[in-house]
C-alpha cells in the first residue's frame with residue numbers, strides 16, 4: 001500500500017521529467033508524429049486483439065458442437081450446401097431437398 005502511495009506522489013514529477021526528455025531528444029515538432037504513430041500502433045494492436053478473440057470464440061464454438069450437428073454439416077457440405085447460420089432443422093430440410 002505504501003508503494004502505491006509513493007508512486008502516486010512521484011508519478012506527476014516523473015511524467016514531467018519524461019515530457020522534457022522527449023522534447024529535448026526529438027524536438028517539439030516531432031511530438032505530434034510520435035503521438036500519431038503511437039495511436040496507430042494502439043489501433044493495430046486492438047484490431048489484432050479482436051481478431052484473436054474472434055478466432056478463439058470460433059474454435060470454442062466448433063469444439064462445443066454436438067456429434068449430430070457435425071454429421072449434418074458434413075453431409076450438407078458434401079451436397080454443396082452452406083451450413084453457416086442454419087439450424088439443424090433447416091439443414092435437414094435442405095439435405096432432404098438436395099438428396
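Sorting 13, 93 by the number of Cβ atoms found within 10 Å of their own Cβ, with the fewest placed first, yields 13, 93. Relative to the dominant Cα principal axis of the chain, helix 31-63 is inclined by about 30°. Which translational diffusion coefficient, to the nearest whole µm²/s, is obtained for the chain from the Stokes-Einstein equation, given a Kirkwood hydrodynamic radius over C-alpha pairs, 4 °C and 1.567 mPa s? In µm²/s, the coefficient is 68. Taking Cα atoms only, the orientation of helix 88-98 departs from the longest principal axis of the chain by about 50 degrees. A simple spin-label model places pseudo-atoms 7 Å from Cα toward Cβ; at residue 62 and residue 50 they are separated by 2.2 nm. Estimated at 0.36 nm per residue, the fully extended path between residue 24 and residue 89 surpasses their Cα-Cα distance by 16.6 nm.
When the helices of the chain are scored as -39500 (n - 2.57) per DSSP H run of n ≥ 4 and the total is divided over every residue, the value at 222 nm lands at -28000 deg cm²/dmol.
The numbers here are math on the coordinates, done by the rules we state, and not lab data. Please read these numbers as outputs of a predicted model, since none were measured by experiment. Every residue, glycine as well, gets a Cβ built from its backbone with ideal geometry; the counts of neighbours run over all protein chains shown.
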